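Read through the structure below, which is laid out as structure tokens, and then see the notes.
The values are calculated or read from the model by the stated rules, or taken from the named source; none is laboratory data. Note that the structure is predicted; figures quoted are calculated from it, not measured. Positions of Cβ are generated from backbone atoms using ideal geometry, with glycine treated the same way; all protein chains shown enter the neighbour counts.
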Amino acid sequence: MKTSSLLLLFIALWIVMVPVRSGAQAAEWHDDLVDRMTGVWKLEGQVMGRDAHHEVHAEWVLNHQFLRIHEKTDAGAPGSEHRYEAAWFLGYDPVSERYVLHLLDVFGARFSETVGYGTRDGNAIRFVFEYPDGPFHTTYRWSPEKDTWQWLMEQKNKDGKWTNFADLKLTRLSR
């Protein structure tokens, strides 16, 4: 009898909570800086000292809650270039008043466990990732004069000094 009473209580709570939760959709998120990243971009630069030639597609998804950034090695990249593909999900948490950045890429789930948290400073958003093997910074910086982005990624080396992991420039191909 006790089990059936608990089951009925659980079902009653579930019935009451489902309509409340499903009706509580967050309002669309709008950000003047992040919105400037929408579109198709040519990405060029260095990753770990090696040339990178990627194409980037950025679009609003999930009720305008996240900017999905799809990055992939360009089909015309030299054959010797390491192939890469990633999906970044950039959002904002109004409760903690900070940006969030989720990374899923070809290196698997291990590094997708860590979320980057960011703050805005003018035309830049600096994210901090606390990976198991050490901190990592990713800064997205927009240049309004040129309508380009710089993605600067830095990591701490074994001596505790910050070094460049990647320095990339995005040039707009289309909106």
Within region 29-51, identify whether any single residue is modelled with pLDDT under 90 and not basic (Lys, Arg), and answer yes or no. no
Residue satisfying all of: in region 61-96; touching a Lys or Arg at 6+ places or on another chain (Cβ under 7 Å) and either among the basic types (Lys, Arg) or part of a strand (DSSP E or B) (or both); nearest to Arg126 (Cα to Cα) among these: Phe89
How many of the residues in region 24-53 are touching a residue at least 40 places away in the same chain (Cβ under 8 Å) and either within 19 Å of Gly118 (Cβ to Cβ) or outside any loop (DSSP other than H, G, I, E, B) (or both)? 17
Tyr131: passes all of (1) touching a residue at least 40 places away in the same chain (Cβ under 8 Å); (2) touching a helix residue (DSSP H, G or I) at 6+ places or on another chain (Cβ under 7 Å) but (1)
For Arg120: the one exception among (1) in a helix (DSSP H, G or I); (2) within 16 Å of Asp35 (Cα to Cα): (1)
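Take the residues in region 66-79 that are more than 17 Å from the chain's Cα centre (by Cα) and surrounded by 13 or more Cβ atoms within 10 Å (Cβ to Cβ); name whichever of them is nearest to Asp133 (Cα to Cα). First the steps, then the outcome.
Of region 66-79, the ones more than 17 Å from the chain's Cα centre (by Cα) are 73-79.
Then keep just the ones that are surrounded by 13 or more Cβ atoms within 10 Å (Cβ to Cβ); that gives 73-74, 77.
Values: Thr73: 26, Asp74: 29, Ala77: 30 Å.
Only one residue tops the list, namely Thr73.
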Complete set of residues in region 32-75 that are in contact with a Ser or Thr (Cβ under 6 Å, 6 or more places away or on another chain) and among the hydrophobic types (A, V, I, L, M, F, W, C): Val40, Ala58
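Restrict the check to region 168-175 and report whether at least one residue is in a loop (DSSP other than H, G, I, E, B), charged (D, E, K, R) and either touching a residue at least 24 places away in the same chain (Cβ under 8 Å) or surrounded by 15 or more Cβ atoms within 10 Å (Cβ to Cβ) (or both).
So far as region 168-175 goes, yes, one or more of its residues are in a loop (DSSP other than H, G, I, E, B), charged (D, E, K, R) and either touching a residue at least 24 places away in the same chain (Cβ under 8 Å) or surrounded by 15 or more Cβ atoms within 10 Å (Cβ to Cβ) (or both).
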Of the residues that make up region 97-111, is at least one assigned to a strand (DSSP E or B) and on the phi > 0 side of the Ramachandran plot? no
Within region 80-116, residues surrounded by 15 or more Cβ atoms within 10 Å (Cβ to Cβ), of a type in the set (Phe, Trp, Tyr) and over 17 Å from Trp29 (Cα atoms) come out as Tyr84, Phe111
